[in-house]
Every structure is written in C-alpha cells, then in structure tokens.
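Student: Before we start, here is the structure in question, set down as structure tokens.
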Amino acid sequence: MDDPEQLAEAVSEAASRDGRRVAIVESLTGGLVCSDLAASPGSSEWFRGGVVAYDRSTKHGALRVPDGPVVSEPAVRTMAEQAASLLGADLTLAVSGAGGPEPQDDQTAGTVWFAIDDHGETETWVEQFSTDDPGEVLKNTRISSLKALLDHLQGRQEASSAS
C-alpha cells in the first residue's frame with residue numbers, strides 16, 4: 001500500500017485499537033505526515049499533534065538537537081525524544097533528510113533519517129532514496145513515515161496478543 005490516505009487510515013485504526021497517543025516531528029516533509037494523520041477518521045482520539053522544525057535553528061533551539069548536522073542519527077533521535085515529552089505521546093516518529101537536489105550536512109540528496117520513540121525507547125534508521133528530485137524524496141519519505149508507524153503499531157499489537 002503506497003497511498004498516504006489509506007496508510008493514515010490504517011495507522012488510525014491501529015492506534016485506536018492499541019490506545020496509543022501518537023505524535024510527529026518533521027523537518028524535510030514540512031507537515032505532510034501530520035496533515036495525513038489529522039485527516040484520518042478518529043484522529044482526535046489518538047493524534048497528539050506535531051512539530052514542524054524545518055529550520056536548523058529550530059531543531060537546535062526548540063528541540064535541543066545537539067550541535068552538528070541535522071540530517072543525522074543524533075538529530076532524529078533527539079527530535080523524537082523531545083517531541084514525545086513536549087506533546088505527551090507514547091509513540092513519536094521523527095524525520096529529517098536531504099531533499100535535494102543538493103546534498104546537505106555531507107549527506108547525498110535522498111538520504112533520510114527516521115526515529116521512533118516508544119515510551120522512551122528509541123530506534124533509528126536511515127533510508128537512501130534513489131532520486132535527487134525534492135518532490136520524489138518528499139513523497140517517498142511521507143509514505144515511509146506512515147508505513148513505519150503502521151508497522152510499529154502492528155508489530156506491538158502482535159507482540160501483545162502473543163503474550
């Protein structure tokens with residue numbers, strides 16, 4: 001499934017079933033993921049909100065990202081952890097990347113870092129999209145973000161029903 005609307009609806013169903021409070025902190029995608037989630041049915045029950053920290057100074061200031069590159073593992077880890085605390089969420093996704101067409105922070109265009117904070121446990125990963133077209137990088141990042149939330153929610157539900 002690669003349709004953002006369908007993915008957001010599936011996230012909504014999973015978050016509602018699991019009683020999760022979800023938040024987003026975005027840089028590269030500029031609020032697209034928040035918009036997808038807010039438009040999904042029942043979002044007022046589980047969506048805590050989001051932070052769009054597009055500018056580097058916002059990341060370093062408001063979200064306390066350590067000095068250094070913002071397209072990096074430490075940046076998205078901190079973004080997720082700070083937004084979880086700020087918004088009172090128990091599941092928070094953060095995303096920051098080099099949208100292109102130029103590199104950013106010594107990362108090639110299409111490099112995107114993700115983090116998910118779940119009750120204080122944070123996992124991070126990087127994806128390299130094979131394009132330097134900003135529109136395509138945004139589209140791919142938006143879909144990957146929603147899929148990651150859904151996979152995380154479904155994996156947690158499977159684990160809790162196996163217990």
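Each reported figure results from applying straightforward, stated rules to the coordinates on display, with no laboratory input. Bear in mind the structure is a predicted one, so any value in this text is a computation, not a measurement. Please note: Cβ atoms are built from the backbone with ideal geometry, for glycine as well, and neighbour counts cover all protein chains shown.
Student: If you build the convex hull over the alpha carbons only and average its shadow over all orientations, what do you get for the range 97-159? Give it in nm² to one decimal. Working shown, then result.
Tutor: Numbers: hull surface 18.4 nm².
Approximately 4.6 nm², given one-decimal rounding.
Student: Let me ask you something else. For the range 12-86, report the translational diffusion coefficient in µm²/s to the nearest whole number, using Stokes-Einstein at 20 °C, 1.002 mPa s, and a Kirkwood Rh over Cα pairs. Please list the in-between numbers first.
Tutor: Numbers: Rh = 12.9 Å.
Here the translational diffusion coefficient equals 166 µm²/s.
Student: Please list, ordered by chain and number, the residues whose modelled amide H lies under 5 Å from the amide H of Gly100; skip anything fewer than 5 residues away on the same chain.
Tutor: HN-HN under 5 Å from Gly100: Gly110.
Student: Still on this structure: How large is the Kirkwood hydrodynamic radius of the chain, in angstrom, based on all distinct alpha carbon pairs? Provide the component values of the computation, followed by the final result.
Tutor: Working: mean 1/r = 0.0646 Å⁻¹.
About 15.5 Å for the chain.
Student: On to the next question. Could you work out [θ]222 nm for the chain from helices alone, using -39500 (n - 2.57) per DSSP H run of at least four and dividing by all its residues? Round to the nearest 500 deg cm²/dmol.
Tutor: Rounded to the nearest 500, the figure is -14500 deg cm²/dmol.
Student: What chymotrypsin sites (Phe, Trp or Tyr not before Pro) does the range 21-122 have in DSSP loop regions with at most 16 other beta carbons within 10 Å? All intermediate terms of the calculation are to be shown ahead of the outcome.
Tutor: Numbers: sites: Trp46, Phe47, Tyr54, Trp113, Phe114; in loops: Trp46, Tyr54.
Those that pass, being in a loop and sparsely packed, are Tyr54.
Student: Once amide H atoms are placed 1.01 Å from N in the peptide plane, what residues at a sequence separation of 5 or more from Val65, or on another chain, have their amide H within under 5 Å of its amide H?
Tutor: Amide H to amide H, under 5 Å and 5 or more residues apart or across chains, Val65 pairs with His60.
Student: Need the C-alpha centroid separation for the range 11-43 versus the range 99-133, integer Å.
Tutor: That distance is 19 Å.
Student: Filter the trypsin sites (Lys or Arg not before Pro) in the range 32-91 down to the DSSP loop ones having no more than 15 other Cβ atoms within 10 Å, then list what survives.
Tutor: Numbers: sites: Arg48, Arg56, Lys59, Arg64, Arg77; in loops: Arg64.
The qualifying sites are Arg64.
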